[in-house]
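J.: Questions regarding the structure given below will be posed in turn.
The values are calculated or read from the model by the stated rules, or taken from the named source; none is laboratory data. Values in this document were obtained by computation on a predicted structure and should not be read as measured data. Cβ: placed from backbone, ideal geometry, glycine included. Neighbour counts: every protein chain shown. Only protein heavy atoms, including side chains, enter the accessible area calculation; ligands, DNA and RNA are left aside. Shrake-Rupley method; radii C 1.70, N 1.55, O 1.52, S 1.80 Å.
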Amino acid sequence: MMNENIENTEFLLNWHIEAGVDETIAEMPCNFFESDKIVKPKSDIKTTVQTTSQQIETNRQNVVSDSTNLSIQNANKLVENIEKVEDLENIVNNFDGCGLKVTAKNTVFGEGNTEAKILIIGEAPGADEDRIGRPFVGKSGILLDKMLKSIELDRSNVYISNTIYWRPPGNRTPTSSEISICLPFVKKLVEIMKPEIIITLGGSATQTILNTNETISKLRGRWIDYSDSENNKTEVIATFHPSYLLRNPANKKKSWADLLKIKKKISS
Ligand code: URA
């Protein structure tokens, strides 16, 4: 009987080897011909593995938030006594606290008239902006220039910047920690410029500036009060991002309505 079992086992092993099986992948060996005898891995092994990976993830998140907090603190400190846009740009150019800088070719701070009464804030540089080092120079920039021209504006009477100064790889949406790290610089820009109007382009920039989770569809096209950290008042109007309009041209009509509101405000 014993011999018969060994022979059977040997036969089965050889059969598997000839069939190309060269490793077992279950945690425990298991005879599938006797399904009621399947040996299940002990649940405490699984629990231990899960607990360990949860712990690693928690630790990772703590490390990430610690380094994000450090970068935010550092950014806030750096801008404390800054009074000129050019100096702020210098600080941002030399800032290493945002991981996006590692993969970006250029820092894209802003462009236009630093004395302008209108500040335009987009999301983040794209591939063209990253390559050239200027905001809104790609396809969406061409549309933005056309939008501005339609209400008699151009880069000589507005200042254009972003909520993020380095291109997120693959143009992905910036993470909340990347946004938080750049926010002290964005806020400082508003504080220095004291614009009469802030135009935010798209959901991400609008939510960042207004500190809300409301969608762009709900926020666009209306004047919203904004106070900077020194309690200077300004008004924000959100509109669709030009790159969104390129993908959804049907919404250009709504965007045109927003532009007319801006034109009316400027000429009043
Ligand atoms: N999109 C943005 O939001 N900003 C740029 O600078 C370019 C494209």
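J.: Given the residues D128, D145, which is the only one that is surrounded by fewer than 20 Cβ atoms within 10 Å (Cβ to Cβ), touching a helix residue (DSSP H, G or I) at 6+ places or on another chain (Cβ under 8 Å) and not in a loop (DSSP other than H, G, I, E, B)? Working first, answer last.
T.: Values: D145 fails: touching a helix residue (DSSP H, G or I) at 6+ places or on another chain (Cβ under 8 Å).
Step by step, each of D128, D145 is checked, and only D128 is surrounded by fewer than 20 Cβ atoms within 10 Å (Cβ to Cβ), touching a helix residue (DSSP H, G or I) at 6+ places or on another chain (Cβ under 8 Å) and not in a loop (DSSP other than H, G, I, E, B).
J.: Among the residues of the stretch 186-198, is there at least one that is open to solvent by less than 20 Å² (accessible area, probe 1.4 Å), more than 14 Å from the ligand (Cβ to nearest atom) and assigned to a loop (DSSP other than H, G, I, E, B)?
T.: Yes, some residue in the stretch 186-198 is open to solvent by less than 20 Å² (accessible area, probe 1.4 Å), more than 14 Å from the ligand (Cβ to nearest atom) and assigned to a loop (DSSP other than H, G, I, E, B).
J.: Let me ask something else. Report the residue count in the stretch 148-165 for those that are over 18 Å from the mean Cα position of the chain (by Cα) and open to solvent by less than 30 Å² (accessible area, probe 1.4 Å). Working first, answer last.
T.: Let us first name the residues in the stretch 148-165 that are over 18 Å from the mean Cα position of the chain (by Cα), namely 148-160.
Those left that are additionally open to solvent by less than 30 Å² (accessible area, probe 1.4 Å): 148, 151, 153, 158-160.
Number of matching residues: 6.
J.: Identify the residue in the stretch 92-112 that is touching a residue at least 40 places away in the same chain (Cβ under 8 Å) and not in a loop (DSSP other than H, G, I, E, B) and, among all such residues, is nearest to S177 (Cα to Cα).
T.: Checking each candidate, the answer is L100.
J.: Looking only at the stretch 60-93, which residues are of a type in the set (A, V, I, L, M, F, W, C) and either open to solvent by 60 Å² or more (accessible area, probe 1.4 Å) or more than 20 Å from the chain's Cα centre (by Cα) (or both)?
T.: V63, V64, L70, L78, V79, I82, V85, L88, I91
J.: Continuing with the same structure: Of all residues in the stretch 108-125, which are within 12 Å of the ligand (Cβ to nearest atom) and either among the polar types (S, T, N, Q) or open to solvent by less than 10 Å² (accessible area, probe 1.4 Å) (or both)?
T.: Scanning the stretch 108-125 gives V108, F109, I120, I121, G122, P125.
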